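Peer 1: After the structure tokens below, expect a handful of questions from me.
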Amino acid sequence: MSVTTANLVEQASEAFLRHFDYAPSHDFRAPGRVNLIGEHTDYNDGYVLPAAIDFGTVVVAAKRSDNLIRACAVNFNEEIVTLALDSPMVSVEPFNWSNYLRAVCQQLQNRGYRLVGMDIAIVGDVPYGAGLSSSAALEIVLIRTLLALSEAVIDPTEAALVGQQAENEFIGAQTGIMDQLISARGEVDHALLIDCRQLTSTPVPLDPDFNILIFHSNVRRGLVDSEYNTRRLQCQAAAKIMQISHLRDADLALLDRFADQMDTITYRRARHVISENERTLLAASTLANRDWASLGELMQASHNSMRDDFEITVPAIDGLVALIQERLSPGMGGVRMTGGGFGGCVVALVHKSQTGQIIEHVADHYHAAFGLHETVYICQAVDGAFVAQ
Ligand code: GAF
């Protein structure tokens, strides 16, 4: 168990003891993720290349003899919520963290899992709203906990699908499968090339001479859900015009044959996804071959495509990427926005010899240019929730 996980378990256990008056018997953890390349490709049945990171969500738990779930959320002032497993799961308005618990309980029960009552305490250190999948980490750790204490087994891919369905149907965000899949199945020191149609993955070793740096822009993400869902619809519209089920099945030549039947926005949205799929496949092999010059170029092209064709970046994110590029020597790494967009984080893979000067350069210029302070995370790739425990 890493030091950070041990600290989270300790924090959650203390809250558990304080509120429930006895010690928990189990602990589980699910990681957040950083996507190295392959953005908005998952719901187009395409490819993504994320890594699970050492920021995550921990649950400590103990079985009860009735059918109640008492849950304490340490990050939300240790608020306690009690659910009865034999009552319908109903969404709470205004939106409350416990909707994630209600959502996964409902999905598991719908699939025939017989859940038992339990007390749980939850704590996480994935920054909220940063595009690092705090919600997927929460869903996956809850699924892991609920099933382990109910003495039921689930395949990790099935667990990811339960999390995604909970998000789509109960929470109302039409997200793809990437975040839940990497949180469940990530591998230490590796990124995973995930085929989001087959739901298969290939581990790609990360180069130990390079750091994964995440720069949080601290831009408040606005209109994320509506813009996300709009992008999804635009992709579906493009696929329909080309008479294919998903953009995964198109290449740029096919897109150009149909260009005059699409408005420019639909064309550009499709061009991002089609070219991003190609870049992601290439990035997986360049990463495996440690061809850093090519990987840097692919990450740059991915960022430009998100900025110009998919239009999901914001000025502060573009500025962060430009600042990092100014100090990144050719062949020493790459940088791009990561996650759903409209704020959030930038991921930089940086040779360890350049890490210090890049962090310093951003610290010297980002605030002056955008009036915001960045937060920097140096991450390790870790195992997913269904791999580690
Ligand atoms: C969010 C979604 F949850 C993912 O499914 C994915 O679409 C991502 O945005 C963009 O690549 O994290």
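Peer 1: So, in segment 155-188, how many residues would count as being without any contact (Cβ under 8 Å) to a residue 60 or more places away in the chain and either assigned to a loop (DSSP other than H, G, I, E, B) or not small (Gly, Ala, Ser) (or both)?
Peer 2: Result for segment 155-188: 12.
Peer 1: Check residue 107 against each of (1) free of Cβ contacts under 8 Å to residues at least 24 places away in the same chain; (2) within 26 Å of the chain's Cα centre (by Cα); (3) assigned to a helix (DSSP H, G or I) and name the one condition it does not meet.
Peer 2: Residue 107 satisfies every listed condition except (1).
Peer 1: Here's a follow-up. For segment 298-314, name all the residues that are touching a residue at least 60 places away in the same chain (Cβ under 8 Å) and more than 12 Å from residue 271 (Cα to Cα).
Peer 2: 298, 299, 312, 314
Peer 1: Still on this structure, please answer the following. Considering segment 169-191 alone, what residues qualify as being among the polar types (S, T, N, Q) and out of contact with any Leu (no Cβ under 8 Å at 6 or more places or on another chain)?
Peer 2: Initially, segment 169-191 is screened for residues among the polar types (S, T, N, Q), giving 174-175, 180, 183.
The answer is 174, 175, 183.
Peer 1: Same structure, new question: Considering only segment 268-302, state which residues are more than 25 Å from the chain's Cα centre (by Cα) and either surrounded by 20 or more Cβ atoms within 10 Å (Cβ to Cβ) or at pLDDT below 95 (or both).
Peer 2: Correct list: empty.
Peer 1: May I ask you to say which residue of 279, 248, 257 is among the basic types (Lys, Arg) and closer than 30 Å to residue 328 by Cα?
Peer 2: 279
Peer 1: Here's a follow-up. For segment 160-190, how many residues are within 14 Å of the ligand (Cβ to nearest atom), crowded, with 21+ Cβ neighbours inside 10 Å and among the hydrophobic types (A, V, I, L, M, F, W, C)?
Peer 2: Of the residues in that region, 7 qualify.
Peer 1: Inside segment 1-49, can you point out the residues that are assigned to a loop (DSSP other than H, G, I, E, B), buried (at least 16 other Cβ atoms within 10 Å of the Cβ) and within 23 Å of the chain's Cα centre (by Cα)?
Peer 2: 36, 37, 38, 39, 40, 41, 45, 46, 49
Peer 1: Residue 95 is checked against (1) at pLDDT 95 or above; (2) more than 15 Å from the ligand (Cβ to nearest atom) and fails just one. What number does that condition carry?
Peer 2: (1)
Peer 1: Are any of the residues in segment 50-60 of a type in the set (D, E, K, R), within 16 Å of the ligand (Cβ to nearest atom) and in a strand (DSSP E or B)?
Peer 2: No - not one qualifying residue is present in segment 50-60.
Peer 1: Filter segment 210-224 for residues that are closer than 24 Å to residue 315 by Cβ and either touching a helix residue (DSSP H, G or I) at 6+ places or on another chain (Cβ under 6 Å) or loosely packed, with under 15 Cβ neighbours inside 10 Å (or both) and give the result.
Peer 2: If the condition is that a residue be closer than 24 Å to residue 315 by Cβ and either touching a helix residue (DSSP H, G or I) at 6+ places or on another chain (Cβ under 6 Å) or loosely packed, with under 15 Cβ neighbours inside 10 Å (or both), then 215, 217, 219, 220, 222, 223 are the ones that fit.
Peer 1: Moving on. In segment 325-372, what residues are away from the ligand (no atom under 16 Å from the Cβ) and assigned to a loop (DSSP other than H, G, I, E, B)? Steps first, answer last, please.
Peer 2: Step one: list which residues in segment 325-372 are away from the ligand (no atom under 16 Å from the Cβ), which gives 325-335, 348-372.
Selection gives 328, 329, 330, 331, 332, 371, 372.
Peer 1: Among the residues of segment 192-226, write down those that are over 19 Å from residue 46 (Cβ atoms), among the polar types (S, T, N, Q) and assigned to a strand (DSSP E or B).
Peer 2: Passing the criteria: only 211.
Peer 1: Does residue 226 fit the bill of being within 19 Å of the chain's Cα centre (by Cα) and among the hydroxyl-bearing types (Ser, Thr, Tyr)?
Peer 2: Yes: the conditions hold for residue 226.
The values are calculated or read from the model by the stated rules, or taken from the named source; none is laboratory data. Computed from a prediction, not measured in an experiment: that's the story for all the values here. Using ideal geometry, Cβ is built from the backbone for each residue, glycine included, and neighbour counts are taken over all protein chains shown.
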